[in-house]
Structures are given as structure tokens and as C-alpha cells.
Amino acid sequence: MATNSRDLFSSKRRWILYLILIGVCFYFIAPLLWMLITSLKDNSQVFHDPPILIPNPIRLENFVVAMVKGNFGRYLLNTIFLSSAVIVGTLITCSIVAYGFSRLEWKGRDLVFMLVISTMLIPEHVTLVPLFVVFKKLGLVGGGFKGYLPLILPAWFARPFYIFMIRQFFMGIPKELSDAARIDGCSEFGILWRIIMPLSKPAMIAVALFSLIGTWNDFLAPLVYIQDEKYFTLSIGLAAFQGKYITQWNQVMAASTLMVLPILLVFLVAQKQFVQGISLTGLK
Amino acid sequence: MNLAMEKTSRNYERRKILTGLAFISPWIVGFFLFTLYPLLASLYYSFTDFSLFGSPQWLGLENYIRLFNDPKFFKSLSNTLIFAVMVVPASIVIALGLAILLNNTLRGNTIFRTLVFMPTVVPAVASAVIWIWILNPQWGLLNGFLRLLNIQGPPWLSNPDWAKPALLIITLWMIGSDMILYLAGLQEIPNDYYESAALDGANSWQKTIHITVPLLTPVMFFHLINAFIWSFQYFSIPFIVGVEGRGKPADSLLFYSIYLYQNGFRYLKMGYASAMAWLLFLIVMACTILIFRSSKKWVNYGN
């Protein structure tokens with residue numbers, strides 16, 4: 001730990017620091033608290049000046065409305081299904097590809113890897129129209145579970161960002177481990193499966209978390225591809241709900257809570273792995 | 001004999017390449033299907049009139065000429081640039097400032113870090129919806145709070161002059177992941193540097209400017225490229241905040257990616273949208289190259 005904190009230790013400065021920190025944290029936490037508070041209010045408390053900080057009476061009905069009228073229970077299940085399909089595909093294909101870019105040595109490898117990295121710079125909007133046209137022609141836009149394929153398939157062909165993360169981790173595993181297995185006649189795929197993967201749980205957890213949050217968060221792709229209301233994800237479901245019930249802020253906030261709470265809980269439980277994951281995406 | 005050995009070693013090399021390619025084959029297939037083909041197809045579409053129904057009709061440069069005569073296109077481009085100029089420097093300064101603040105060995109530090117980081121996992125649509133409510137001019141939390149201090153809050157998202165500052169407040173709320181990068185960078189700076197500076201009588205401001213900032217320029221470089229590319233694709237939050245992708249109020253939140261979406265998927269002008277997409281691609285490439293070029297002058301790569 002390297003800090004220039006020593007001269008910040010005088011107690012007066014420390015108090016100033018705490019005050020700044022509390023102000024800063026208010027900015028970061030108040031919106032989430034306000035979402036929760038509003039979701040528990042009845043109409044008369046929602047529109048009140050000055051704002052009411054503690055709801056009384058507490059109204060859980062808003063959540064019932066969001067579930068029934070807004071269909072958010074269904075959207076939640078849809079989003080969980082979609083995320084699972086994306087996560088499984090990402091973990092399998094990106095691990096295999098990352099192995100080829102880190103544990104195997106072959107001519108041209110690093111050049112190809114540069115290409116992988118540079119494709120991350122291509123904005124999503126650039127490929128959107130032709131991909132939509134193709135999926136539309138294949139009959140995969142619109143109804144049913146097959147309507148999720150445009151969102152799931154790209155994840156089964158190794159996305160660069162996750163290849164990069166897993167590769168970073170694989171490179172840190174000592175070379176001797178694979179060499180020993182190779183001498184014992186283990187195939188490359190066997191090495192990946194029996195030696196590298198069991199050692200890579202932290203990276204797998206981090207990638208699973210990232211891709212869960214990514215899918216939960218994704219708005220553009222579902223907006224373009226999913227047209228049947230029954231198959232909405234939470235993202236487009238919430239957008240539609242907010243558009244329809246624009247003045248029912250307690251219900252809109254209840255719906256938002258249903259979307260935010262699961263992902264926030266996952267984050268709080270797995271915070272450590274998550275932050276470690278970010279350092280995998282960082283420099284070097 | 002020499003020849004035979006050379007042959008086996010060449011075979012060995014070839015086998016290694018084939019194994020490597022086999023392992024990366026999912027990416028190769030994905031690259032052709034989901035990157036290269038659509039990239040080239042959108043270049044082709046950009047020279048055509050294409051509405052999804054029927055086949056593309058060749059137009060030559062017509063779409064690009066129309067773009068340069070389209071005031072809405074320039075509005076979306078200038079909105080995007082103005083917002084990028086607001087958000088990129090602000091996010092670098094604030095992420096760095098927060099990291100320095102939270103790198104101090106204060107009690108409760110980990111809680112503060114968690115709180116700052118939490119908004120980054122909140123989905124964009126939810127963030128947008130929550131903030132629309134907070135920034136509600138009449139009943140919102142922020143203006144209610146300002147009224148307690150006897151300040152009449154601005155109309156925020158319902159006024160074209162205030163919409164971008166409001167969007168900036170929303171965007172900076174999600175700065176936690178950038179802060180983590182700076183925090184990681186800070187922890188790699190050896191303490192000796194600060195100790196010898198202290199011996200020379202430097203105060204903490206001087207230490208920040210002369211030690212911390214120069215040593216963090218690689219993080220800033222990474223952040224700058226990321227933030228710039230990202231700001232050209234900023235979509236979800238302005239889409240929701242600007243009322244179903246209409247760029248409200250008065251086109252002040254009509255960003256490049258939103259106008260592209262409108263053309264492609266509302267008006268089904270797929271050719272026109274593709275021309276915008278390719279211009280976006282070129283702009284992003286050009287900016288990335290420019291930032292890379294400039295990096296030699298200001299990024300400190302150590303000795």
C-alpha cells in the first residue's frame with residue numbers, strides 16, 4: 001500500500017475528509033435509496049413538497065402492480081434464461097479460444113490476437129443493420145424463444161472482451177504444469193479441461209459476473225430484436241412500463257427495484273471477485 | 001538427412017499452427033459472421049436505398065451527400081461532440097480525485113468504495129428511470145432538497161439548455177468502475193517516491209501533481225480512449241431520458257447513435273443508417289489513432 005496519507009492524519013484534516021466523503025457517498029447512494037423509498041409510498045406521499053423521506057403507510061401494493069400489470073415476474077424469468085444461455089456460451093468458447101492465445105505457441109499468434117483486440121474498437125452500431133437483416137431473413141426476429149437467438153448466438157462465438165480477460169488469467173499459470181502433463185501424453189484439450197480450468201475458478205466467476213451484468217444491462221439488442229411483449233427482457237420491459245405509466249412513480253420505482261435488486265445482491269455477495277475481474281481488464 | 005530434419009521440423013511447426021487455429025476457431029467463425037461480414041455489408045448498404053423490404057437499390061454516394069445536407073445529422077453530431085467534451089475530462093478528473101480520496105487509510109474505506117462502485121452495476125434503463133424521477137423539476141428529490149436551501153432548482157430534463165448538464169450528472173453517477181482502475185494504479189506507486197518528496201518539503205498537492213498524476217498517465221490514456229469511444233456510442237440512457245429515443249427536449253439529447261437508430265429502425269432507412277454507421281466507424285478509428293499518436297508526448301511508460 002502506497003499512499004501519501006501520512007500528512008492527512010492530523011485530526012482536523014481527517015474530519016474534513018470524512019465530510020467530503022459523506023457528501024460524495026450521498027450522491028452515489030441516494031438515488032438507490034430514493035428508488036426503494038418511492039416504491040413503498042402511496043400516491044399522496046409521492047407528490048409531496050418537501051419530499052417525504054420515510055413512507056407511512058408502507059405500501060407493498062406497487063410491487064404487486066408491477067408484477068401483474070407490468071408482467072415483471074415474466075420479464076425476470078426471461079432475463080434469467082437469456083443470461084444463463086449467454087454465460088454458458090461465453091465461458092465455454094472464450095476459455096477454448098483464450099487457451100489458443102495463451103497456452104499454445106504458434107507462429108502468428110500475437111498478430112491474430114492484435115486483430116482480436118482491435119475488433120473491440122468497432123462500435124456496436126456499425127454492425128447492427130446487416131446483422132438485423134440477416135437474422136430477419138433467417139426468421140429469427142419476432143416471436144418465441146428462437147427470437148432470443150440473435151442475442152445468444154454471438155456469445156457462443158467468443159466475444160473479444162472475455163477472451164482478453166481469460167487470456168490474462170491463463171498467462172499467469174506456470175508453464176511447467178502443462179509441460180508435465182504433455183510429457184504424460186495428455187492432449188491439449190485435456191490439459192485445458194483437467195489442469196487449467198480447475199485453476200481458473202476466479203477468472204470464470206469474474207467473467208460470468210461481467211457477462212451477467214452485461215446481459216442484464218443490455219438495451220439496444222433486445223430493443224431491436226425482441227418485438228413480442230411476452231419475451232421482453234427487464235430492460236425493454238422497464239422502458240415500456242415507464243413510458244406507459246409515466247406519472248405512477250411509485251409503481252415505476254417498484255418495477256425498477258425488481259430489476260435492480262437481484263443484480264445488486266449478486267454484486268454485494270461477489271464483490272471481491274468482481275473487483276479482481278476489473279483488474280484483469282485493466283492495463284498490462 | 002538435414003533435409004529430412006528440416007521437413008519434420010516444418011511439419012511440427014505446421015501442426016502447432018493448426019492446433020492453435022483449431023482452438024481459436026470459435027472466434028474465427030464469429031469474426032467472419034458477426035464482425036467482418038456485417039462491416040462490409042453495411043459499407044455496401046451505405047451506397048444503396050434499402051428499406052428491408054425488397055433488395056437494396058444502388059445509389060452511389062447519394063446517402064452521404066444527403067447526410068451532409070441533413071441538419072438533424074449535424075445536430076446529432078454536435079450534440080455528441082459537445083457531450084463528449086463535457087463528460088470525458090470530467091470523468092477523468094473525478095475518477096482520479098475519488099481514487100485519491102479513497103486510497104487514504106481511513107476507517108470505513110471499503111464501505112465508501114462499495115457505495116461509489118454500486119451504481120455501476122445498476123442497469124442503464126433503471127438508472128435513467130430513477131434519475132428522471134429524481135430530476136423531476138416539481139416533485140423530484142434534488143429540487144426538493146434545493147428548495148430546503150432556498151434555491152430554486154433548474155428545470156433539468158425538460159429544458160434544452162439544462163438537459164446535457166442533467167445527463168452529465170446521471171452519467172458521472174456510474175463512474176465507479178473507472179475509479180477502480182485509478183485505485184489499482186495508485187497502489188502500484190512505491191511509497192519511497194512520496195517519502196523522498198516529503199523530505200524535500202513537498203505538500204500533498206505538490207505530490208499529487210508531480211508524482212501521482214505523471215505516474216498514472218498510462219491509466220489516463222486507457223481511460224481516455226475508452227471514454228471517447230464510449231461517448232460516441234452512448235445510447236441507452238439518452239434514449240430513455242430523451243423520451244423513447246426522440247432526443248427530447250428539442251433535439252438536445254439527439255445523439256449520433258440515437259439518430260442512427262431512428263433512421264434504421266423507425267424509418268427503415270437502412271441505407272442511410274449504414275452510411276451513418278460507416279462515418280461513425282471512421283470517426284472512432286481516426287480519434288483512436290490520434291489519441292494513440294499523441295500518447296508518446298504525455299504518457300509516462302516508466303524507464
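Values quoted throughout were computed directly from the atomic coordinates according to the rules given, and no laboratory measurement underlies them. Fair warning: this is a prediction, and the values are worked out from it, not measured in the lab. We place every Cβ from the backbone using ideal geometry, glycine too, and count neighbours over all the protein chains shown.
Scan around residue A:41 for amide H atoms under 5 Å from its own, H built in the peptide plane at 1.01 Å from N, and keep only partners 5 or more places away or cross-chain.
A:59
Taking 25 °C and 0.890 mPa s as the conditions, I'd like the Stokes-Einstein D for region A:128-284 in µm²/s, using the Kirkwood hydrodynamic radius from alpha carbon pairs.
Here the translational diffusion coefficient equals 131 µm²/s.
Between A:207, B:100, B:280, whose Cα lies farthest towards the positive end of the dipole of the protein assembly as shown when Lys and Arg beta carbons carry +1 and Asp and Glu beta carbons carry -1, centred on the Cα centre?
Positive-end residue among those listed: A:207.
Let's see if you can work this out: charge +1 on each Lys and Arg Cβ, -1 on each Asp and Glu Cβ, no other charges. What is the dipole magnitude of chain B about its Cα centre, in debye to the nearest 20?
420
So what J values fall out for region A:177-187 if you push phi through Karplus, 6.51 cos²θ - 1.76 cosθ + 1.60 with θ = phi - 60°, rounded to Hz, Gly and Pro as x?
For region A:177-187, the Karplus curve yields 4, 6, 4, 4, 5, 4, 5, 6, x, 6, 6 Hz.
If you average the sequence gap of Cα pairs under 8 Å that are 6 or more apart and divide by the length of region A:70-281, what percent do you get for the contact order?
Once normalised by length, the contact order is 35 percent.
Counting pairs of alpha carbon atoms under 8 Å apart in space and at least six apart in sequence, what relative contact order in percent does chain B give?
27
Can you work out the base-10 log of I(q)/I(0) for region A:208-281 at q = 0.19 1/Å, using the Debye formula on its C-alpha atoms alone?
Those come out to -0.86, one per q.
Restricting to Cα atoms and excluding each atom paired with itself, what does the Kirkwood estimate give for region A:40-153 in Å?
19.2
Looking at B:186, B:51, B:2, which one has the Cα that reaches farthest to the positive end of the dipole of chain B (charges on Cβ: Lys, Arg +1; Asp, Glu -1)?
Working it through, the farthest residue towards the positive pole turns out to be B:2.
Dividing the alpha-carbon Rg of region B:71-298 by 2.2 N^0.38 Å yields what?
Normalised by 2.2 N^0.38 Å, the Cα Rg of region B:71-298 equals 1.17.
Would you kindly derive the ³J(HN,Hα) couplings of region A:44-56 from the backbone phi angles with the Karplus curve 6.51 cos²θ - 1.76 cosθ + 1.60 (θ = phi - 60°), listing them in order in whole Hz, with x for Gly and Pro?
Each residue of region A:44-56 in turn: 5, 7, 5, 9, 8, 10, x, x, 8, 8, 10, x, 8 Hz.
Hey, could you get me the Stokes-Einstein D for region B:176-218, Kirkwood radius over alpha-carbon pairs, 10 °C and 1.306 mPa s, rounded to whole µm² s⁻¹?
My calculation gives 145 µm²/s for D.
Around residue B:48, which amide H atoms from residues at least 5 apart in sequence, or from another chain, sit under 5 Å from its own amide H, with H modelled in the peptide plane?
The answer is B:59.
Write down, largest first, the equivalent ellipsoid semi-axes of region A:10-59 in whole Å, where each equals the square root of 5 times an eigenvalue of the alpha-carbon gyration tensor.
Taking √(5λ) for each Cα gyration eigenvalue gives 32, 10, 8 Å.
What percent of all Cα-Cα pairs in the protein assembly as shown falls into each 20 Å bin, going from 0 up to the bin containing the maximum distance?
For the protein assembly as shown, the binned pair fractions read 18, 51, 28, 3, 0 percent.
For helix A:124-137, report the angle its Cα long axis makes with the longest principal axis of the Cα atoms of chain A; keep it between 0 and 90° and round to the nearest 10°.
Orientation of helix A:124-137: about 90 degrees from the principal axis.
Rounded to two decimals, what is the ratio between the C-alpha radius of gyration of region B:33-88 and 2.2 N^0.38 Å?
Relative to the 2.2 N^0.38 Å estimate, region B:33-88 comes out at 1.47.
Please report the orientation-averaged projected area of region B:22-173, defined via the convex hull of its C-alpha atoms, in nm².
16.4
Under 5 Å between amide H atoms, partner at least 5 residues away or on a different chain: which partners does residue A:226 have, H built in plane at 1.01 Å?
none
Which value, in debye to the nearest 20, describes the size of the charge dipole of the protein assembly as shown about its Cα centre when Lys and Arg Cβ atoms bear +1, Asp and Glu Cβ atoms bear -1, and nothing else is charged?
Here the protein assembly as shown has a charge dipole of around 400 debye.
Convert each backbone phi in region B:192-203 into a coupling constant with the Karplus relation 6.51 cos²θ - 1.76 cosθ + 1.60 (shift: θ = phi - 60°), then list the ³J(HN,Hα) values in order as whole Hz, x for Gly and Pro.
Along region B:192-203, the couplings run 3, 4, 6, 5, 5, 5, 5, 4, 7, x, 6, 8 Hz.
Report Rg(Cα)/(2.2 N^0.38 Å) for region B:98-215, keeping two decimals.
1.41
Calculate for chain B the 222 nm mean residue ellipticity that helices alone would give, adding -39,500 (n - 2.57) per DSSP H run of length 4 or more and normalising by residue count, nearest 500 deg cm²/dmol.
My calculation for chain B gives -21000 deg cm²/dmol from helical runs alone.
Please determine, in degrees from 0 to 90 and to the nearest 10, the orientation of helix A:249-269 with respect to the longest principal axis defined by the Cα atoms of chain A, where the helix direction is its Cα long axis.
30
Let me check against my output: what whole-number percent is the relative contact order of region A:10-59, with C-alpha pairs under 8 Å and at least 6 apart?
Once divided by the residue count of region A:10-59, the mean separation gives 29 percent.
Based on alpha-carbon positions alone, could you give the equivalent ellipsoid semi-axes of region B:2-63 from the gyration tensor, as √(5λ), descending, whole Å?
46, 14, 7
With the Cα gyration tensor of chain A in hand, give its eigenvalues times 5 under a square root as the equivalent ellipsoid semi-axes, listed largest first in whole angstrom.
Largest first, chain A gives 40, 30, 16 Å.
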